[in-house]
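Here is the structure we will look at, set down as structure tokens.
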Amino acid sequence: MRVLFVCLGNICRSPMAEAVLRMKVNKAGLSGKIAVDSAGTGSWHIGDPPHRGTQKQLAAAAIPFDQMKARQINASDFQRFDRIIAMDRNNERDLIQMTDARNRAKVSRFMTLLHDQPHPDVPDPYYTGRFDEVYELIDRGTDQLIKELARQIR
């Protein structure tokens, strides 16, 4: 099973989700069965490490993020990944426009994992500065996601 998280620039939300889920996959003993990556729909930050705010949240939780570099999603990602999870509605819309009908079912929005949240989007901390809020949402959402993935592969 291969999971790809996608946000706008791939330096805040999607690399945070990648690092958190990767840690949970390892803890669950599923690292050989679940691969995790992230990408952005935009090209502004290609090759950059995660944002300092993302790094701070991940470091505080003792979650490794070294070696992570921003990249832009490409057409082959729609073939390589089983689940492509957008961090907000704008990126979800962009992903759906980028692919064909056969691969649209792979695209979902992160906040659909959290049924108790009234907001449809993970807020972008690049603009809000609320990396702690984003971490909390990602931590809870990836708890749900790892349960779903474990059921699917067992």
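The values are calculated or read from the model by the stated rules, or taken from the named source; none is laboratory data. Quick caveat: nothing in here was measured; it's all calculated off a predicted structure. As a convention, Cβ positions derive from the backbone with ideal geometry for all residues, glycine included, and neighbour counts pool all protein chains shown.
Kindly evaluate residue 77 against the criterion of being under 13 Å from the mean Cα position of the chain (by Cα), closer than 18 Å to residue 18 by Cβ and of a type in the set (Asp, Glu). Spelling it out, it is not the case that residue 77 is under 13 Å from the mean Cα position of the chain (by Cα), closer than 18 Å to residue 18 by Cβ and of a type in the set (Asp, Glu). Can you work out which of the residues in the range 99-122 that are of a type outside the set (Lys, Arg) and crowded, with 18+ Cβ neighbours inside 10 Å is nearest to residue 147 (Cα to Cα)? Top of the filtered list is 113. For residue 62, the criteria (1) touching a residue at least 24 places away in the same chain (Cβ under 8 Å); (2) over 19 Å from residue 34 (Cβ atoms); (3) surrounded by fewer than 18 Cβ atoms within 10 Å (Cβ to Cβ); (4) not basic (Lys, Arg) hold in every case but one, which is (1).
Consider the range 123-154 and keep the residues that are of a type in the set (A, V, I, L, M) and touching a Leu at 6+ places or on another chain (Cβ under 8 Å). The one that is surrounded by the most Cβ atoms within 10 Å (Cβ to Cβ) is 145.
The residue that is surrounded by the fewest Cβ atoms within 10 Å (Cβ to Cβ), among those in the range 34-59 that are touching a residue at least 24 places away in the same chain (Cβ under 8 Å) and in a helix (DSSP H, G or I), is 56. Selection of first residues in the range 128-148 that are modelled with pLDDT of 95 or more and of second residues that are among the small types (Gly, Ala, Ser) and crowded, with 23+ Cβ neighbours inside 10 Å, restricted to Cβ pairs under 7 Å at least 6 apart or on distinct chains, gives the following pairs, ordered by first then second residue: 138/17; 142/17. Within the range 73-95, the set of residues being farther than 15 Å from residue 1 by Cβ and exposed (fewer than 13 other Cβ atoms within 10 Å of the Cβ) comprises 74, 75, 76, 89. Scanning the range 13-33 for residues that are in contact (Cβ under 8 Å) with a residue 12 or more places away in the chain and either surrounded by 23 or more Cβ atoms within 10 Å (Cβ to Cβ) or outside any helix (DSSP H, G or I) (or both) yields a total of 13.
I need the full set of residues from the range 65-95 which are under 18 Å from residue 122 (Cα atoms) and either without any contact (Cβ under 8 Å) to a residue 60 or more places away in the chain or out of contact with any strand residue (DSSP E or B) (no Cβ under 8 Å at 6 or more places or on another chain) (or both), in order please. Scanning the range 65-95 gives 89, 90, 92, 93, 94.
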